[in-house]
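Here the structure comes first, spelled out in structure tokens, and everything after it is commentary.
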Amino acid sequence: MITLGTTLLLGIALFAATNVDDLFVLLGFFSDRQFRARHVVVGQYLGIGMLVVLSLTAALVRFVLPASWLGFLGLAPITIGTKRLWELRRADREGDETRGQRRANTAYGQVFSVAAVTVANGGDNVAVYTPLFATQSGGDTAAVALVFAAMTAVWCTIAHWMVNRRTIGAPIRRYGHRLLPVVLISLGVMIMYRGGAFEVLLRMFKFR
């Protein structure tokens, strides 16, 4: 018989194993001055929540998204990373006041960007979470969802703490915002490759 403690430990291990790379993405967002910390946290929670809802839905209908569909989620971080590259080039020619005004007017955009990257990066997690939720009781599923919420707070706390540490935070803050677009684009390419999206595109062009 699976106890509540076992379920909680399973949730912790599952979240940590499937969201290690998400921690590095959070470092990039927290180090980017265009993103406020609260917007990053809200976006992260929104993204994780969407992944849980998708997994629960898939578990209810016993349906798992095809790998090629998950692969095309990589277009989200590629698009956001490309947009950030363009904004960095434009920001180099603008003053701090202009950048501050633009940042204040893009709160929803910041939240959406973080959420979109979280969902895209965790698209393959749906295939892992779905069978777990499909074989658990409602109480165990609720317990795992609460663990995911707590672990999201832990992930955000760790990333924010690292960015604001004197020894390691300074280089992260100095170069993180410039590395963020590269990380996002690379992440998107990796998601598309792992999900088989490139193979689908090659087959499409081959038959034309």
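So, in nm, how far is label Val182 from label Ile12 when the simple model puts each one 7 Å beyond its Cα toward the Cβ? Computed distance between label sites Val182 and Ile12 equals 3.6 nm. Okay, which of segment 70-88 sit inside 19 Å, backbone N to the point 7 Å along the Cα-Cβ direction of Met204? Of the residues in segment 70-88, 70-80 have backbone N under 19 Å from the label point off Met204. Nonpolar atom fraction for segment 1-52, defined as the carbon and sulfur part of the 1.4 Å probe accessible area, stands at 76 percent. Accessible area per residue for segment 1-46, computed on protein heavy atoms with a 1.4 Å probe, is 53 Å². Close amide-amide hydrogen proximity is noted between Thr106 and no other residue 5 or more places distant or on a separate chain, at a cut-off under 5 Å (H modeled in the peptide plane; Pro and chain starts excluded).
The values are calculated or read from the model by the stated rules, or taken from the named source; none is laboratory data. Only a predicted model underlies this, so the values are computations on that prediction, with no experimental measurement involved. Every residue, glycine among them, receives a Cβ derived from its backbone with ideal geometry; neighbour counts consider all protein chains shown. Side chains are part of the model used for accessible areas, which takes the heavy atoms of the whole protein and leaves out ligands, DNA and RNA. Shrake-Rupley method; radii C 1.70, N 1.55, O 1.52, S 1.80 Å.
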